Amino acid sequence: MHSKYTGFKLRRLAVSGISFTFKLFMLVLFLFPFYWMIVTSFKTYGGSIVFPPTLLPHTFTLEAFEQVFTRLNLWNYLKNSVIVTVAVIVIQTLIGVPAAYAFSRYSFKGRGIMLALVMAAFMVPTQITFITVYIMMSKLRWLNTLLPQIVPFGASAYGIFLLRQAFMQVPTDIIEAARLDNAGEIKIMTRIMLPAAKSSLMTVTLFSFVGSWNSYFWPLVMSNAEKVRPLTLAIERLKDQDAGINWPVIMAGNMIMVLPVLLIFLLMSNKIISSMGYRGIK
Amino acid sequence: MAKIEFLDVHKSFGSAKVIENLNLTLEDGKFNVLVGPSGCGKTTLLRMIAGIGPATKGQILLDGEDVSNIPPGKRGVAMVFQSYAIYPMMTVRQNIEFGLKNNRVPKAERERRISEVSQVVGLAPYLGRKPSQLSGGQRQRVALARAMVKEPKVFLMDEPLSNLDAKLRGAMRSELVQLHKQLKTTFVYVTHDQVEAMAMGDCIILMDQGKIMQQSDPETMYRDPNNIFAAQFIGTPPTNIVEIGSENFKLGFRPETIILSANAGPDRAFTRRVKIMTREMLGAETFYKLCLEDGQEAMARLTNSSLAEGDTLYLQVDEDNLYFFDAKGNRVRKTGSQHYDAMVERVKRSHES
Ligand SMILES: Nc1ncnc2c1ncn2[C@@H]1O[C@H](COP(=O)(O)OP(=O)(O)OP(=O)(O)O)[C@@H](O)[C@H]1O
Ligand SMILES: [Mg+2]
């Protein structure tokens, strides 16, 4: 009997030990690239190519960051990225919220088909549509503006779907009570539905933000002038300017790129995790 | 204040006809109680008045005006939902204020009304709280306050007390009756509890399967039911219904009108030998389940608790306490039926044979 319990205890210890090692492994796996990016961006060019590589910079320098700003007209690209991202989020919200409200609460002719279309759009990858869209944009003579990076993303199928699910959780009684309180549909949407769907709205906004901020392929195809290109493309340009690849400069560029995303995740991590858990997204 | 009229109203959900050909008038200023078993259409009726579940066909008039095309928020009605439906993300104050703001009531007036109403329902200390920080009874008061503050012409209440414990329910019942006396507006109160209906209503509307079975004051509802359904729905235990041999009518009598004795008195209209099957002593009164000689059963509700299971006695009921019903279950009254006396005779004779 004594030995049986010892076995049990040992087994539990072993399990928790394995689990801890695994978690540590995952953490390193995810964090190391980040760490490497940060460290490299503070190295000198010489420091970045020594062999074997060092885990910390020999001489800590902001040289790489300076170079990013001198080599590129960074403010122009940053401005484009911000405008595109903000515009996409605002338009998606303005279109997505009423659409989701209508899909969740009204019965109208063709609702099923329209919802199916939204879902279908959700599943079609951009690689299939980009040529057609490109031709359309070029006919509209929009390629030297930011519009091709904004307008096609004005409606997010994913956002509409997720918000609709959240809106459907709101009890009908509450909406009817609001109607009896003489609230118009806009007011019901903003005062009743949105507060109830806060976590979903945040998830949607966050995904749009990351998607738009990080998008590379689409602006690459849809722009024909430097003045309308976003930060992602600019960082790419840091690569091919020199004969040898200047890693600290590229990493500094990437730092500037991911900093806003990182900040937002750090500031809102609690809310993000709770909203994801609530949705059942792992 | 408003009179509410239903004219030939129909309501169906898809192919399911829930209400057909309803004609009903709810008098101005009365405490109307809609009562009936679950699923009979009480909530459906309220929702039609409120305009949130419009009638499929027919007209609904408020003070003689057809409201079919008036949106819910402009009808001057307020509703307390079965589920309360208070806005979970707003504070108590915001909940109460929401309707007033939407109706463009000026700020000073809003403040005055909110403080008045929250005094009346006892919510003053809780105005800053979120609904999740309130007890069930307090939430119910929020729902009530939200309706009261609008000073509506018509007050609709859908089983507002059903989620409360027995004690609080009793207290709220008398508070609502009190409130009605103060406001003197038209109340339409839904319940499936006959005791609540009898205790609170000026006018009871008894429904079954989308039809009005009887509309009258509580006293009449109890003393003079229109049909077997009304006789059995009101009263505990329900009215006994027995068949007399092979007659094509049925006889009803309330458990509390039964006289049980060792010797049958000569002048009673209905007499049967019965055996006591079970006895339930409830304090002031005792319920006895009785078995008639022909196998039919009846319940008696007496103050006498000294009878025992297995006793064999005479059950008697006076003529005044007998209800006659035709084969369809509708009441046959003394006035207006030439068969009435003959039926009484047949009941009297039925014991001797
Ligand atoms: N939205 C709906 N769709 C289909 N049928 C419905 C709908 N709402 C109500 N019904 C049906 O209409 C009938 C009346 O419902 P209603 O809610 O009015 O009953 P009720 O008298 O309020 O019952 P309860 O005492 O249980 O609240 C029921 O048979 C119900 O199944
Ligand atoms: Mg109901």
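The numbers here are math on the coordinates, done by the rules we state, and not lab data. Keep in mind the model is a prediction, meaning the values are calculated, not measured. Heads up, the Cβs are rebuilt from the backbone with ideal geometry, glycines too, and the neighbour counts pull from every protein chain shown.
Here are the numbers:
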| read-out | value |
| --- | --- |
| Computed over the protein assembly as shown, Kirkwood Rh from alpha-carbon pairs, angstrom | 31.9 |
| Shielding score for B:144-153, defined as the mean number of other chain Cβ atoms within 10 Å | 1 |
| Ellipticity estimate at 222 nm from DSSP helix runs (n ≥ 4, -39,500 (n - 2.57)) divided over chain B, nearest 500 | -8500 deg cm²/dmol |
| Net length gained if the chain between B:ALA264 and B:LEU307 were fully extended (0.36 nm per residue, minus Cα distance) | 13.9 nm |
| Shielding of A:181-187 by partner chains, average beta-carbon count, 10 Å | 6 |
| Kyte-Doolittle mean at least 0.5 and Cα axial length at least 27 Å: DSSP H helices in chain A | A:2-41, A:74-105, A:247-279 |
| Mean-position separation - Cα centroids, region A:1-68 and region B:183-197, in angstrom | 70 |
| Extended-chain gain in nm, criterion 0.36 nm per residue less alpha-carbon gap, B:ASP66 and B:ALA284 | 73.4 nm |
| Efficiency of FRET between B:ASN103 and A:GLN165 - r from beta-carbon atoms, R0 30 angstrom, step 0.05 | 0.40 |
| Reach of B:LYS57 by Cα under 16 Å, taken over lysines that are not fewer than 8 positions away in the same chain | B:LYS11, B:LYS17, B:LYS211 |
| Gap separating the Cα centres of region B:95-113 and region B:251-308, nearest whole Å | 59 |
| Separation in nanometres of the label points that stand 7 Å from Cα toward Cβ, at A:LEU13 and A:PHE32 | 2.9 |
| Rounded to 5, the percent of DSSP beta bridges in region B:4-228 classed as antiparallel | 55 |
| Expected 222 nm ellipticity per residue - DSSP helices of 4 or more, -39500 (n - 2.57), all of chain A, to 500 | -24000 deg cm²/dmol |
| Cross-link pairs B:LYS181/B:LYS328; B:LYS42/B:LYS184; A:LYS198/B:LYS130; B:LYS42/B:LYS130; B:LYS130/B:LYS167; A:LYS271/B:LYS107 - those with Cα-Cα distance over 28 Å | B:LYS181/B:LYS328; B:LYS42/B:LYS130; A:LYS271/B:LYS107 |
| Of all DSSP beta bridges in the protein assembly as shown, antiparallel share, percent nearest 5 | 75 |
| Folded to 0 to 90 degrees: helix B:340-352 orientation relative to chain B principal axis, Cα | 50 |
